[in-house]
Each structure stands twice: as structure tokens, then as C-alpha cells.
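The values are calculated or read from the model by the stated rules, or taken from the named source; none is laboratory data. The structure displayed is predicted, hence computed values, not measured ones. Quick reminder, even Gly has a Cβ in these numbers, built from the backbone with ideal geometry, and neighbours come from all protein chains shown. The area values use the complete protein model at the heavy-atom level, side chains included, leaving out ligands, DNA and RNA. Shrake-Rupley method; radii C 1.70, N 1.55, O 1.52, S 1.80 Å.
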Number of protein chains: 4
Amino acid sequence: MLSPVIGATITPAAPSSITFSVSGLTILGIMGEAPKLAPDESVAFTRCVLDAVAGRIPVVVGVSTPGLDPMAAITEKVMELGAAGVMVAPMTGLNTDDKIAGYFHAVCNRLGDTPIVLQDFPPTTGVWFSAALLNRLFAELPSLKMLKHEDWPGLRKISQFRAAEASGARRRVSVLVGNGGLFLPQELARGADGAMTGFAYPEMLVRVYVMHGAGDAKGAEDLFDAYLPLVRYELQAGIGLAIRKEILRRRGAIACAATRKPGPKLDADDLAELDGLIDRLERRIGI
Amino acid sequence: MLSPVIGATITPAAPSSITFSVSGLTILGIMGEAPKLAPDESVAFTRCVLDAVAGRIPVVVGVSTPGLDPMAAITEKVMELGAAGVMVAPMTGLNTDDKIAGYFHAVCNRLGDTPIVLQDFPPTTGVWFSAALLNRLFAELPSLKMLKHEDWPGLRKISQFRAAEASGARRRVSVLVGNGGLFLPQELARGADGAMTGFAYPEMLVRVYVMHGAGDAKGAEDLFDAYLPLVRYELQAGIGLAIRKEILRRRGAIACAATRKPGPKLDADDLAELDGLIDRLERRIGI
Amino acid sequence: MLSPVIGATITPAAPSSITFSVSGLTILGIMGEAPKLAPDESVAFTRCVLDAVAGRIPVVVGVSTPGLDPMAAITEKVMELGAAGVMVAPMTGLNTDDKIAGYFHAVCNRLGDTPIVLQDFPPTTGVWFSAALLNRLFAELPSLKMLKHEDWPGLRKISQFRAAEASGARRRVSVLVGNGGLFLPQELARGADGAMTGFAYPEMLVRVYVMHGAGDAKGAEDLFDAYLPLVRYELQAGIGLAIRKEILRRRGAIACAATRKPGPKLDADDLAELDGLIDRLERRIGI
Amino acid sequence: MLSPVIGATITPAAPSSITFSVSGLTILGIMGEAPKLAPDESVAFTRCVLDAVAGRIPVVVGVSTPGLDPMAAITEKVMELGAAGVMVAPMTGLNTDDKIAGYFHAVCNRLGDTPIVLQDFPPTTGVWFSAALLNRLFAELPSLKMLKHEDWPGLRKISQFRAAEASGARRRVSVLVGNGGLFLPQELARGADGAMTGFAYPEMLVRVYVMHGAGDAKGAEDLFDAYLPLVRYELQAGIGLAIRKEILRRRGAIACAATRKPGPKLDADDLAELDGLIDRLERRIGI
């Protein structure tokens, strides 16, 4: 069973000795470089991460791919390696509630009792879930254990999702938010259980979560707002991945910031701009 | 009350003395030039058509527009002029069953008891209706009188729509097909009531409908297949409108084939190609 | 001739006695409620704004619409009323450099010597301009006077646009940024001339611009960052319009925050969340 | 060097003893089931086809995939196995001429001197090539040997492409058409060299090509029109694949018509409809 975790999406590169204070990890999500890996590389990368984590925290592995057979094959491999579960975003082209439901029934049927995180990420997949459809899916499919919420905009949907539980419509389901955490304070206030998203300073996500849970919503939001200029900067489509990798490199988390081809590359203007934003952050949080 | 009609979409140009054998007309649909007209022109064009038709057949007027107030204003005007009803396609951006339902509830509420044709035309609107959603809408909204079916591909949906009626799930609803009639024989066999679509030879649509209704499905399909090369040719996005207007001009239905700017224009190659296709049609049907 | 202005997009509602410190206004852009107005309302609203402004600052009027004839008709009316120019976003479906160029040649040809702001807003229009294409358009079309830049992400494009000018490739062109000002400090540093975008606190945009121009880039960014949580909040697609109108209502700029139907509406959770964000802003900037 | 071929896209299933009169084959295109295969399966399928073909005709292998490294790895394998070249469609998200050009430069640079078919297939990729961009790419990149043309609508583009060659703008390039051959007679008349597309009756494509080349354009079009109802029927998005496989199964080309999951399935209504269409075809062509 998956517990509510705060994850950090790590892009495929050699994991380092960085001390993780996160309570879980998600790897090979769809906004990083996973779609540019061959299945063998995905499995090798998963093994590398699981070895480094050594069972200290649960690791969820993204397995979204157009065919159910390759999805099942990679799922079997990563679960054998010790993954806590897999994450599945819907394939493109599912444009009605019934088509989406049919797809997740097929996925759950094929993956057996593997714990699954449903990734609701319409800006990239083009597949939109209503709150009613989410209720239906989580009621019908017990192997769906968690919602990764990255609808856009999606604040009201979190409230609707929690209201459905409060009314007894279905079991309680963990909700971790994505989209780089752009609305994390608001999302926690509306009932999210944490974040499962990429950001080059995952300790901010953790601390906001902890402070919020300890009743210090104001302090949590103050901390969040200090990082918001960089959250916003990293969220730029395409080039955001190069920005995140460059910050992770500077912080010693990865050895090389190159993105897999074809991929974005920072130029001198970008690097100078990033220098300025990091400098502002460090002065603001007093490093 | 709207009766099942076979319509012909007429693009905005002076209607002529052409003898209509169709049992109804739909004007100002979204694939023609309606979006390029100011509301005043739309009303003037409607008046012109209604004057020429002089009550002999019902005329449905497309009123799709982003705002409900302008939609209501033009609806009121065309209904006063004698339209039989209006046609509404969903606005863009409705990407869940619940959002689509909310939209049509708002439309029906705003337009009162005006008879409405629901236009299901996802290739252009980007809004997709499941069969279940159509059942829900026609059950909940009595002023929705007819379905203009142009889903793509959409043959199975007609069967599902009729199956829902056969099971008593809701009242029977007229289904007229669009998409240039590309699958008219198959659609009639699956339960469509006729066609409401643009094609430069509307008499073919009428005759296929009549022959099919008289039990001569084979003869109907033979006739349809003779026109299929031109049906296909007219269905080309963008330039198809210029093709249709040019054929209508040659047939004496309109005086000028120019499309409203910015619009497609036929060049010498296109015109020669069209000559060849028309010549083949005329030899095949023995004109 | 249009001078570089800092504009504030005002949604259609009764303009009030608010003191504008902006150096220009743009009305009837595509993210507000303009598409939900009939042309007559657009003209009436323009008249109302121009009367209130009384010539103190230039006013640009958005005239984007699918047909060139209605675009020309409304352009003529608003220019007669005293608009400084019009803004045109490309119609949807222009998917190659040549199609986009053909469109703007047709627009400029049709609108004569009316000064035109080219709106580069791909997230909404689906039409993408390369830097090379912008160079071509501004070189070929003298009535294009200004670029409203809201590509996403678009920071590098501003640098490329200025580099082309520095190399003598074409005349200098004013660049005002949109997207709610989400990257205003970075955009000014890369050469933008100001902002032309909607935000419920336009005085922030003005002050950031002024401080940046006076050499206080750090102070400008500090001020910007204080508002960033609300900039981000207002940028939510759909509901962002209701948020902006509600803030404008609270600030006394408009009398009623209702959005035109079909439109978004704030619920109790949204209003409480907004209360909290405004409260945080006011404490941070010391109101 | 690739010669102009008439190809038939074969979906992944055991190739049989059917006698091919085609002059080439393309396998693993993007509309079949290639995206649902793991790379190992793709290579195994390629080996199986190449063994069956045994060098009698050239075989092109589709290698479109988001990452250049996996693309290069599979290209190397299939070229070693004896493929004549590879086919590459642009990755999604390339929305300006310059981005598309950058992508193909990167691809050609990575694949060395492997002969490449450029697949211009915007309805599926969402990437649009102007005629000017095609001229630029084929002038700049010598390893691009052939254009698979499936723009929609695309007739004029073939004329433009040939006109550029006639004017000496660049070397002559083979053009094979796709889109199920829906406009094959028109495309041949405009200068296409043949077809490279899926259709369950590839002998029709061959015969139309041969008759057209022998000067019997009328006879070619008569033959084509006899098959047009089925060409149209197979072109239905999604379900068209199930239809094609079912016909190929009935014709003895494949042993099983099941599609890879998640995939479309024919129901009783579909099968009856298909029976009728095949029956009509056979009576019309006198089988």
C-alpha cells in the first residue's frame, strides 16, 4: 500500500549522495526525459535509483507508454526490482469520460494488483478528468491507490475530490500535487496530502508540507513565496528541464546538465538570468 | 416541432431560383462562411433565405457563438423572421462530459423553448460527446429536438444512439448526418433519419435518402458511390469551400464563387482537376 | 505613430474614476470578454472608454475576428472614435510561416495605414511565430507598429528580436509583453519596452517599469516578487478572469464582477483563498 | 539509393505467402501498431519481414521516436539487417519552420548517411511543412531521399513541390503519397511518383500506378473509384486499423486480425457493414 509521500521527480542521471529528506520518490514521469529512453535504459535507471535509495523510502516508477504489453513488461521488471508502485498517465486521444474509464479499466486489468498512481496531467496528455470521473475510477478500480493531480487550473477539483470523500461517495484517496508545486500552499489548504513534482529545491516542498502540517500555514506560504520566482522559472515548457538540470548540477545532485537530444540548451543569456534568480533566492532565504 | 429533414447547407451568397427538392434547409453552419459574417449580415442573409423559401420548407439557422447574450439576440431575430429552429455547436474548450452538459443546460435555459439542433462536430469544435452523454442531454433537455451527427469516425455512435432508444432509455430523437455525407448509406442503414450537410449536388443526398427509404438500399448506394469521388473532393478542409462554391456557381445556384477573405481560392490546376471530376461524374450518371 | 506604452487590459465593464498612471490602454483583447460581445457592443464599449480617457493616453483596440470585412468595419469605427491603433492576433489554423505571413499581408492590405499591434499569443491562438518570421513581417509590413509578445516560453525570443535589430536586419520595433506580466523583470532586462497585459494591480506594472528604467533593477524585481503570488493566481485559465474582475471590483474599478455567460464564477472556497492572498499582499507591501 | 517505390504499409503480424507485386515495402509507420511495440519487437518484426522479402524489393523501416539515441540505435540495427532506409516523422511540438528544420538537421546529423524518407503527416504529428520549408530541407540535407506526402489537404503542395524542381530550385526528389491513397489519381496527375500507404488491397494501388504510367489515366481512375468506398472506409481514424487487419485476414495475408491493446475491435454491426462493402467491391470488379 502506498502511503502519502512527498516525492521529487528526478530526471535520468546518476543519482548522487544528496541527502533526501523527501518521504518518497517518483522517477520517469512524462515531463522529464523518460519518453526519450529505450525500455532497457528505463529499467537500468530504475535499478540505479533503487540501489541508491536502498529501501529507505518508497519509489514510484512512471510506466506510461502507448501499448499495454510494453507497459506490463516494464511494470513487472520494476516491481521485481523493488518499486513501490507505478504511475500511469492516460494515452493521448481519450476525449470522453467513457473512453478514459475504458482505458484505466484495461490498464488495471493488465497490471493486476500492482499499486497504481493515476496521473491527471491534461496540459501534456490532452486528456481531461472531471471530478465525477475521478470518483468513478477510484470507486471502481481498487488498484488505483493515489491521484497525482496536475490539472490546470485545478484548485477547485481538489476541493471537489475531498468533498466527495466527505460525503461518503468513495474511499479516501491520497492526492499529491504536481505542476512544479506552483500552487502548493493553496493545494494543501484544500486538502492535498503533499507534492509529487519536480523542482530543483525539493527541500522547499518538504518544509512547506511539514510547516503546513504543523499548523503554520502562514510560515509555509512565506517560505514558498521566497522560492516562487524560481518555481515559475522552472515551469517554462521545454527549457524548464534544462534549467532544472543546471540547478541540480550546481547543487551537486547530478554530474552533468546536458539534456537528451533533441532537447533544450541554456545559452549565455539564460545562464546569466539564472545566476541572478539564484542569487536573489539565496539572499532572501539567507544562505 | 422540427420534423426529420434532409437539409443542404447553403453558404452566404444570393440564393437563386434553383428548385429545391430538399425537405428542409440549414444555413449558417460552422464550416461555411458564417463565422466571417457580422451578426447583422447573418440576420440579413437569413431574411433573404427565408423570403426565397417562403415557408415551403423549414429552415434551421446556425447561431453558434462564444457569448450566450449574442446567441440569444440572434436567435430571437431569426425566430421572429420565421426560422424553424436554431443549431448550436459547443464552444471550444469543453473537455469533460460535465462541462459539455453544463454548457448545453446554460444554452437551453437561455434560449427558452426555441427548438435546438445539437451539432456534434468534434473535428472542428474539439468537443467530443460520448453516446452516454448524448443520452443524458436529450433526456434532460426537452428543447434539444435533433442531433446533427458529424462525429468522426461516428458510425458506431449512431447504432449506440438508436440502441439507447430501443431500450427505452429516452425519447426518440431525429438524427441527421453531416460530414458532407461521406458515409450516408452506412449511416442510413444504422438508423440515421437523413442528412443535413453541405454538398454541391444536394439532389444526390435526397435521392439516396428516398431510395433507401423505399427499400432500395443497393440502388441508393450505387447512386451514392457515383458521387463519392466528388464528396471526397469537396471534403478537403479549407479549399473544399471554394470547390463547393465553384460547383454551385457552375450549376447556377450562386452568382459568384469568391470566398470571404481570408479564404481559399482555386488556381488553374485545381480548376482543371475539378473539370475532370465533374466530367467523370456526368458521364457516369448519364447527364 | 504608437509610442511604447504600458497598457492595462480592461475587461468590458463600466470604466470608473480610477486614476490611471499607465501610459496607454489596450481594450478588447482576446483573453477577456471581447469574443463574447457583439460588434455593436464592442464599439459602444470602445466609445465609453475613449470618452473616459478623453485623449490623455493612447488606446489600442483589439479587433481580432475571423473575417477581414468585419475586422475592417470595426477598425474603421474605432479609429474614427479616436483609437490610437488596433491589435490583431492571427486567426486559428495558420500552421506554417508562409500561411502566417499571408494572413498578415492580407490584414495590413485591408486595414490600410491603420497602426497595428501584432499579438503573438500562441497559447490561445495556436499560431506560433519564429523570431525569423517576426523579422520578416516587421520588415515587410510598415503598418505593423508594435509587437505584443506573449509567446510561452518566450524569454529567448525577446533577446533574438533585439539582436536582429542590433544587427541592422530591420527597423526597431516596440515590444510590450503580455501573459499577465509573469516574467516582467526578466523581459525588461532582455529588452522589452514595457507591458501590455491584464493584471488587477496595474500600478505594479507601471512601477516595475519605471524603477527598471531608472536603473533600479533590483528594486523593481523586489516589488514584482511581492505581487507574484497574485500574478500567478490571476493567470489561471478561465477562472483567472473572474478573479481579476473580483479584485477590480473590490478596488472600485468596476461595479460588478460578474462574467459574461458562459463564464467562470468564484465560489466560497475561491473567495476565501483570494481574501488570504490579498491580505498577504497588503501586509507585504505595507498598505 | 532509394528508387521510387509503391509501398504497402504492413502492420505487425506474421507476413504470409501473399504474392507482392509492389516494388517496395514500408513497415512500422506511425498509423499502424509500431508505437505499441517495444524496440526489441520492432527489430524482430523487421527481421521477420526482411527474411520473407529476401532482398527482392527494398524495405523502408519507420523509426520515429522521441529520443535521437533510441532512433539511432534502432536505425543501426535495421540497416544492418538489410533495410533500404528509414522513415522519420517529426516529433510533436515543432510549430515553426525553424524548429522543424532544426529537428531534421539533428536527425540527419545523428543518422549519418542512412537514406531517410521524410514523412510529412500533419494530421497525426501536428507538424506542418510549407512547400518552402520542404525545398529548404531537401536542399540542405542530402540524406533525405524521399518525401512521403500525407499533408491534408495536400494536392496543391505536390504541384508546388514539382514546380520548385522545374525551376531548378533543388534536385528532384521522389514523392510517394500516403493517406490511404484517398487522392491517388489526382496526386499522380500532379506529379507524385507512386504511393506508400496502407490499404488492404495494395494491388489496386499498383495497378492504378501502372495504368497511369502507361497513359491510361481514365482507366486508372475508373479502377480507383471502384475501390474508393473501401479506401474511405479504411481511413476512419482508430477503427480503420481493425478494418484493414480484418480484410487482410480474410485475404489470407495475416493469421489473426486482433489489434494490440489498447486498440479498436469490430463488433457485429461493423462486420456486417464490412461484408456488404466487400461484396459490393467484388461484384463491381468482377471477382
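Annotations for the structure displayed:
- Along each principal axis, taking the top coordinate minus the bottom one, the Cα set of segment A:64-211 gives 42, 34, 27 Å in descending order.
- Debye log10 I(q)/I(0) at q = 0.25, 0.26, 0.27 Å⁻¹ for segment B:180-252, Cα point scatterers: -1.11, -1.17, -1.23
- Heavy-atom accessible area, probed at 1.4 angstrom with all protein chains present, ranks C:Asp225, D:Asp275, C:Asp113 as C:Asp113, D:Asp275, C:Asp225, highest first.
- The label point for C:Ala272 and the one for D:Leu81, both projected 7 Å from the Cα toward the Cβ, are 6.1 nm apart.
- Among the helices of chain A, none built from whole DSSP H runs has Cα atoms reaching 18 Å or more along its own axis together with a mean Kyte-Doolittle hydropathy of at least 1.6.
- Compactness relative to 2.2 N^0.38 Å, alpha carbon Rg of the protein assembly as shown: 0.94
- Rg/Rh ratio calculated on Cα atoms of chain C (Kirkwood radius): 0.95
- Chain B versus the axis that turns it onto chain D: the residue with the nearest Cβ and the distance in whole Å amount to B:Leu228, 3.
- Each copy carries A:Arg47; placing its label point 7 Å along the C-beta direction from Cα gives inter-copy distances of 2.1, 7.7, 7.9 nm, listed from smallest up.
- Ranking of C:Thr92, A:Thr124, D:Thr259 by solvent-accessible surface, largest first: C:Thr92, A:Thr124, D:Thr259 (1.4 Å probe, protein heavy atoms only, all chains present).
- Net dipole in debye of segment B:68-200 [+1 Lys, Arg Cβ; -1 Asp, Glu Cβ; about Cα centre; nearest 20]: 340 debye
- With 30 Å as the limit, the listed pairs B:Lys99/C:Lys36; B:Lys99/D:Lys245; A:Lys99/A:Lys148; B:Lys265/D:Lys218; A:Lys261/D:Lys36; B:Lys245/D:Lys218 have B:Lys99/D:Lys245 beyond it between alpha carbons.
- For segment C:34-98, the relative contact order comes to 36 percent (Cα pairs under 8 Å, sequence separation of at least 6).
- For B:Ala255, the point set 7 Å out from Cα toward Cβ sits 4.8, 7.0, 7.9 nm from its twins in the other copies, listed from shortest up.
- Evaluated with a Cβ-only charge set (Lys, Arg +1; Asp, Glu -1), the protein assembly as shown carries a dipole of roughly 0 debye about its Cα centre, given to the nearest 20.
- B:Val210 label point (Cα plus 7 Å toward Cβ) to equivalent points in the other copies: 4.3, 7.8, 8.3 nm, shortest first.
- Cα-based Rg / Dmax (Å) for segment C:87-149: 10.5, 29
- At 0.890 mPa s and 25 °C, Stokes diffusion of segment B:116-166 via Kirkwood alpha-carbon radius, µm² per second: 219 µm²/s
- Difference of contour (0.36 nm per residue) and Cα-Cα distance, A:Glu203 to A:Lys265: 19.8 nm
- One quarter of the surface of the convex hull around the alpha-carbon atoms of segment B:123-274 equals 10.6 nm², the direction-averaged projected area.
- For the pair C:Glu282 and C:Val210, a Förster radius of 25 Å applied to the C-beta separation gives a FRET efficiency near 0.70, rounded to the nearest 0.05.
- Note on A:Leu133: accessible area approximately 0 square angstrom, rounded to 10, probe 1.4 Å, nucleic acids and ligands left out.
- Only one residue of B:Thr46, B:Tyr233, B:Phe161 has its Cα farthest out toward the positive end of the dipole of chain B, where Lys and Arg carry +1 and Asp and Glu -1 on Cβ, and that residue is B:Phe161.
- Apolar share of the accessible surface for segment D:51-205: 52 percent from carbon plus sulfur atoms, 1.4 Å probe.
- Contact order for chain A, expressed relative to its length and based on alpha carbon pairs under 8 Å spaced 6+ residues apart, stands at 17 percent.
- Projecting label points 7 angstrom from Cα along Cα→Cβ for A:Arg110 and B:Arg162 puts them 3.3 nm apart.
- Placing pseudo-labels 7 Å out from each Cα toward the beta carbon at C:Ala44 and A:Arg172 gives an inter-label distance of 5.4 nm.
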